[in-house]
Amino acid sequence: MNVSDKKRNAATASLEFIKPGTSLGVGTGSTVNFLIELLPQVRDKIDSIVSSSKASTALLEDLGFRVSTLNEVGDIDLYIDGADESNKRLQLIKGGGGALTREKVLAAAARRFVCIADDSKLVGMLGAFPLPIEVLPMAQELVSRRILKMRGHPIWREGFVTDNGNHILDVSDLHISNPIEMEARINRIPGVVTVGIFADRPADVLLLGDDDGVREMRV
């Protein structure tokens with residue numbers, strides 16, 4: 001089974017978590033795009049919908065959904081998003097699409113966070129995928145120097161600006177043996193907006209598309 005089919009199967013499985021009257025948060029990325037295509041099937045169950053990016057908002061509006069702001073909705077019942085990596089504790093690396101800050105806000109506001117991915121995203125230890133960090137432009141070099149002291153290798157995602165007007169550093173070679181500690185440590189660096197480690201608030205459910213269908217994992 002190819003990767004696209006695995007992603008589509010995981011997205012399809014997540015529809016079961018959308019109950020009547022759900023306030024839904026929608027993430028960003030290739031797997032979520034499959035979810036967005038499927039959402040018209042459960043339109044009557046969705047009370048309100050909030051998006052983590054301008055790109056996802058545009059796709060939702062093209063399908064006739066009215067996208068609300070989190071300030072309008074308050075806490076949301078369910079947040080569905082993808083991941084670049086997940087460990088068995090459902091701690092994640094996210095931000096390959098550059099929407100990590102808004103994704104982290106929606107995950108924090110959600111009563112349940114369902115992560116959808118193909119089976120290649122499940123890893124023993126986080127960090128093989130370069131860790132995205134959203135930074136204020138004025139602090140880019142400061143943050144880079146601090147990351148170098150942590151023995152990470154930051155690369156500016158040149159030509160990319162987040163929906164919040166900030167820059168992204170993609171950091172390779174970090175040893176993320178304690179994701180909660182690493183998340184807090186990087187977030188304390190002045191100028192960091194968000195680090196793409198989702199460990200303090202991990203996923204509640206991970207739906208992994210594999211060759212046999214969809215595997216559901218919980219902590």
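The values are calculated or read from the model by the stated rules, or taken from the named source; none is laboratory data. Model, not experiment: these values are computed from the prediction. Cβ coordinates were reconstructed from backbone atoms using ideal geometry, including for glycine residues, and neighbour counts include every protein chain displayed. We work out accessible area using only protein heavy atoms, side chains counted, and drop any ligands, DNA or RNA first. Shrake-Rupley method; radii C 1.70, N 1.55, O 1.52, S 1.80 Å.
Here are the numbers for this structure:
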{"read-out": "Restricting the stretch 14-28 to residues that are part of a helix (DSSP H, G or I) and over 17 Å from Ala107 (Cα atoms), the residue that is nearest to the chain's Cα centre (by Cα)", "value": "Leu15"}
{"read-out": "Given (1) part of a helix (DSSP H, G or I); (2) open to solvent by less than 60 Å² (accessible area, probe 1.4 Å); (3) more than 22 Å from Gly96 (Cα to Cα), index of the condition Thr31 fails", "value": "(3)"}
{"read-out": "Residue that is least open to solvent (accessible area, probe 1.4 Å), among those in the stretch 153-168 that are in a loop (DSSP other than H, G, I, E, B) and in contact with a Lys or Arg (Cβ under 9 Å, 6 or more places away or on another chain)", "value": "Thr162"}
{"read-out": "Residue selected from the stretch 143-152 under the condition of a type outside the set (Val, Ile, Thr) and outside any loop (DSSP other than H, G, I, E, B), by the criterion most open to solvent (accessible area, probe 1.4 Å)", "value": "Lys149"}
{"read-out": "Top-ranked residue of the stretch 34-58 - restricted to ones that are in contact with a Lys or Arg (Cβ under 7 Å, 6 or more places away or on another chain) and over 17 Å from Ser4 (Cβ atoms), ranked as most open to solvent (accessible area, probe 1.4 Å)", "value": "Lys45"}
{"read-out": "Qualifying residues in the stretch 116-141 (those that are free of Cβ contacts under 8 Å to residues at least 40 places away in the same chain and touching a strand residue (DSSP E or B) at 6+ places or on another chain (Cβ under 7 Å)) - the one most open to solvent (accessible area, probe 1.4 Å)", "value": "Pro137"}
{"read-out": "Residue check for Lys94: in contact with a Phe, Trp or Tyr (Cβ under 7 Å, 6 or more places away or on another chain), basic (Lys, Arg), closer than 21 Å to Ser177 by Cβ and in contact (Cβ under 8 Å) with a residue 60 or more places away in the chain", "value": "yes"}
{"read-out": "So Ala11, is it assigned to a helix (DSSP H, G or I), surrounded by fewer than 20 Cβ atoms within 10 Å (Cβ to Cβ) and touching a residue at least 40 places away in the same chain (Cβ under 8 Å)", "value": "no"}
{"read-out": "The stretch 169-219: number of residues that are assigned to a strand (DSSP E or B), under 12 Å from Gln91 (Cβ atoms) and among the hydroxyl-bearing types (Ser, Thr, Tyr)", "value": "0"}
